[in-house]
Amino acid sequence: MHTDVCIIHRRHVAHFFSAALLCLGALGTPTQPLQAQPQADAAGDAPWFGLLLPPPFQPHVLPAIIGDRGPTPAMVPAGEERFTELEGEVIWEDLVRVVEFSKQSRTEREIGSGQLWGRISGFPSSTRTVEWVVEQFKAAGIANTEIQSFNQSSNASFWMPLSWELRIKGNAAFGPGSQDVVLETAMPLSPSQLPDGRLNGTLVYVGEGSPAELAHIDVRGKIAVQQVTPQAHMVFERDTVVPRAQDMFKRGAIAVINIMDQPGNEMAKDFNNCGGPCFNVGGRDGTFLEAALNKAAEAGALDVMQAELTLETQSFTNLSATNGIAVIPGRNSEEVIVINAHVDAWFDGAGDNGDGVAVQIALARHFAKSENQPSRTLVFVASAGHHSPGLNGPSNFIALNPALAANTVVALNIEHVAQRNFSPARSQFEDGYREYIADVGEAPIVAGITNSAPFIEGLFVEGVQRYGTNFVSGTSTMASGEGGGYRDLSAPIVTTMQAPPLYHTSGEVLEAISVPGLERMARFLAYFIKELDKAPRESIMP
């Protein structure tokens, strides 16, 4: 094993096996099923009921398995081989550089203790990324480039956690030697606050936290533990998880912990406004916590299952951010096609939205060549994004560029487009944890077209046939949080966006991205833009 790539922590012998599995998966090495090693002949003689303790959190490591079968190669139509700037390996190099800006924010502890990192608008990590992207636009030969700064909305406040801990308290009732266990994937959710910076309480498991379950469970004065099993990425669970957490606080809970039934042991940055102190915990941490609660119930020791939360936060105001702009003038039209990709990200952000930014750079290089100059004007926007309250990149692009905005006929938003597809597999461990493994394709991609123009819809059908892109079969009018910033335009918004389980997690690392997938999307979008460029206005805006 290459210990310079994956460091094995031995807090417990079982950690070696779980950490080794994660490392092998991250290195693309096939793994064999591993079984948890028993801690003693009888659970009563072992710490924590003989349960497998959760492994240490490992940043920048893929929390799923990648076997020997790589992604399906990219389809390159005859005559397009000459577009070498759209090759996956070329785009990958840019993606690596984009992710480095996120890693730098962690090593420099840009935010508090460094437990949270990323390319965060309003902070140096985002500004550095935008500046670098604009350098790539210039290097491609685009003369008209600009970095545009703007200030945070006066009524906006950006809540950020600076440092925190979720500690499950050990007790002899759980077996001799049961020491405290820190769940290192704990992620506090906005706008959680602990008035004294610390909270202690008894844990109570509430399942999915439905009204039918809570009718039989008293959460008053306790820390409620809610189970969340996302069907894809966590966005689809917000309408259930958040209201149920709010209901628990109304019933008297003092905090809520969301067990995220997801790959590996990753941090998950999603869900807001739970109604009180609210934390997510990752897959293997959550599996341990649920198993410990079950064992404590069997042993009659639930009343001593305690947790301690600590949290330091800050709300930021008066921030500023930047968009990067590059304009390729049209040969004979002032009509504009906007090509947007947001640079901001939580954690490494290789998928959301490092891959989108890397594909955007490839497209800028392609259309900057004189033989590919479009008829309509292309405007590339390396957007500050939409994660930081009061610093929306698209809406500020519109405000700062009224002439370009007025001439826009379509806004294309490229947003997490090349992540590999991960699906649940048989558990590798006795504790029942649900492992994930990659297949040979990319995660499904939604094609949102706000005006449902038949011509534009038809281009996505052609994309599947020409390039093998994995678009979902149904049509959609979706515009994401990023695309929604363009709603003030009198033009349709087209969004390409995946919904994989690693979204907004620390598991969105480079190894999660498909190199052929980068090429698939870049070649398709180059074709897509050329077809839009040739189309009459009434086909785009019927």
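Only residues that are of a type in the set (Val, Ile, Thr) and either loosely packed, with under 13 Cβ neighbours inside 10 Å or assigned to a loop (DSSP other than H, G, I, E, B) (or both): list them for the range 462-479, please. Break it down stepwise before answering.
Step one: filter the range 462-479 for residues of a type in the set (Val, Ile, Thr), giving 464, 469, 472, 475, 477.
Of everything in the range 462-479, those that are of a type in the set (Val, Ile, Thr) and either loosely packed, with under 13 Cβ neighbours inside 10 Å or assigned to a loop (DSSP other than H, G, I, E, B) (or both) turn out to be THR469, VAL472, THR475, THR477.
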| request: Read through the list (1) at pLDDT below 95; (2) under 22 Å from LYS530 (Cβ atoms), then give the number of the only condition that SER473 fails. | output: (2)
| How many residues does the range 200-213 hold that are modelled with pLDDT under 95 and either under 14 Å from PRO277 (Cα atoms) or buried (at least 19 other Cβ atoms within 10 Å of the Cβ) (or both)? | 1
| task | Name, by its number, the condition in (1) in contact with a helix residue (DSSP H, G or I) (Cβ under 9 Å, 6 or more places away or on another chain); (2) among the small types (Gly, Ala, Ser); (3) within 30 Å of GLU308 (Cβ to Cβ) that does not hold for SER157. | result | (1)
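Which of the residues spanning the range 119-141 are β-branched (Val, Ile, Thr) and open to solvent by 10 Å² or more (accessible area, probe 1.4 Å)? Reasoning before the result, please.
Pass one, the range 119-141, residues β-branched (Val, Ile, Thr): 120, 127, 129-130, 133-134.
Passing the criteria: only THR127.
One line per residue, one yes/no per condition, for (1) out of contact with any strand residue (DSSP E or B) (no Cβ under 9 Å at 6 or more places or on another chain); (2) among the charged types (D, E, K, R):
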{"position": "VAL96", "(1), (2)": "yes, no"}
{"position": "VAL99", "(1), (2)": "no, no"}
{"position": "THR107", "(1), (2)": "yes, no"}
{"position": "GLU110", "(1), (2)": "no, yes"}
{"position": "GLY118", "(1), (2)": "no, no"}
{"position": "PHE123", "(1), (2)": "no, no"}
{"position": "GLU131", "(1), (2)": "no, yes"}
{"position": "LYS138", "(1), (2)": "no, yes"}
{"position": "ILE142", "(1), (2)": "no, no"}
| note | Reported set for the range 168-184 where residues are among the aliphatic types (A, V, I, L, M) and in contact with a strand residue (DSSP E or B) (Cβ under 9 Å, 6 or more places away or on another chain) is ILE168, VAL181, VAL182, LEU183
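Residues of the range 162-176 being assigned to a loop (DSSP other than H, G, I, E, B) and open to solvent by 50 Å² or more (accessible area, probe 1.4 Å), which ones?
Within the range 162-176, the subset assigned to a loop (DSSP other than H, G, I, E, B) is 169-171, 175-176.
Those that are assigned to a loop (DSSP other than H, G, I, E, B) and open to solvent by 50 Å² or more (accessible area, probe 1.4 Å): LYS169, ASN171, PRO176.
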| remark: Across (1) assigned to a loop (DSSP other than H, G, I, E, B); (2) buried (at least 19 other Cβ atoms within 10 Å of the Cβ), ALA526 clears everything bar (1)
| task | Have a look at MET521, MET497 and point out the one that is part of a strand (DSSP E or B), out of contact with any Phe, Trp or Tyr (no Cβ under 6 Å at 6 or more places or on another chain) and either closer than 16 Å to GLY354 by Cα or modelled with pLDDT of 95 or more (or both). | result | MET497
| query | In the range 96-118, which residue that is small (Gly, Ala, Ser) and out of contact with any Ser or Thr (no Cβ under 6 Å at 6 or more places or on another chain) is surrounded by the most Cβ atoms within 10 Å (Cβ to Cβ)? | reply | SER102
| query | Does LEU391 qualify as being under 30 Å from VAL440 (Cα atoms) and in contact (Cβ under 8 Å) with a residue 24 or more places away in the chain? | reply | no
| field | Residues of the range 376-400 classified as open to solvent by 20 Å² or more (accessible area, probe 1.4 Å) and farther than 18 Å from ASN155 by Cα, total | value | 2
| said: Quick check on my filter: what residues within the range 53-95 are open to solvent by 20 Å² or more (accessible area, probe 1.4 Å) and either within 30 Å of ALA299 (Cβ to Cβ) or part of a helix (DSSP H, G or I) (or both)? | reply: LEU53, PHE57, THR84, GLU89, VAL90, TRP92, GLU93
| request: Determine the pairs where a residue that is on the phi < 0 side of the Ramachandran plot and of a type in the set (Val, Ile, Thr), located within the range 273-302, has a partner that is assigned to a helix (DSSP H, G or I) and crowded, with 17+ Cβ neighbours inside 10 Å with Cβ atoms under 7 Å apart, the partner being 6 or more residues away or on another chain. | output: VAL281/LEU289
| note | Residues in the range 481-503 that are open to solvent by less than 10 Å² (accessible area, probe 1.4 Å) and over 27 Å from PRO402 (Cβ atoms) total 3
| query | Is there a residue being free of Cβ contacts under 8 Å to residues at least 40 places away in the same chain and closer than 19 Å to GLY275 by Cα anywhere in the range 176-199? | reply | yes
| query | Which residue pairs have Cβ atoms closer than 6 Å, lie 6 or more positions apart in sequence or on different chains, and pair a first residue in the range 403-425 that is free of Cβ contacts under 8 Å to residues at least 60 places away in the same chain with a second residue that is open to solvent by 10 Å² or more (accessible area, probe 1.4 Å) and assigned to a loop (DSSP other than H, G, I, E, B)? | reply | PRO424/ARG434
| said: Looking at the range 348-362, can you tell me whether even one residue there is on the phi < 0 side of the Ramachandran plot, part of a helix (DSSP H, G or I) and open to solvent by 10 Å² or more (accessible area, probe 1.4 Å)? | reply: no
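Quick one: in the range 470-495, of everything that is of a type in the set (A, V, I, L, M) and touching a residue at least 40 places away in the same chain (Cβ under 8 Å), which residue is farthest from ILE456 (Cα to Cα)?
Initially, the range 470-495 is screened for residues of a type in the set (A, V, I, L, M), giving 472, 478-479, 489, 491, 493-494.
Pick out the ones that are also touching a residue at least 40 places away in the same chain (Cβ under 8 Å) and you get 479, 489, 491, 493-494.
Numbers: ALA479: 15, LEU489: 18, ALA491: 13, ILE493: 11, VAL494: 9 Å.
Out of the qualifying residues, it is LEU489.
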| remark: All-but-one check, GLY330 against (1) over 31 Å from the mean Cα position of the chain (by Cα); (2) of a type in the set (Gly, Ala, Ser); (3) surrounded by fewer than 16 Cβ atoms within 10 Å (Cβ to Cβ), failing number (3)
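The values are calculated or read from the model by the stated rules, or taken from the named source; none is laboratory data. Model, not experiment: these values are computed from the prediction. Note: ideal-geometry Cβ built from the backbone for every residue, glycine included; neighbour counts use all protein chains shown. Quick note on the areas: whole protein, heavy atoms, side chains included, nothing else; ligands and nucleic acids left out. Shrake-Rupley method; radii C 1.70, N 1.55, O 1.52, S 1.80 Å.
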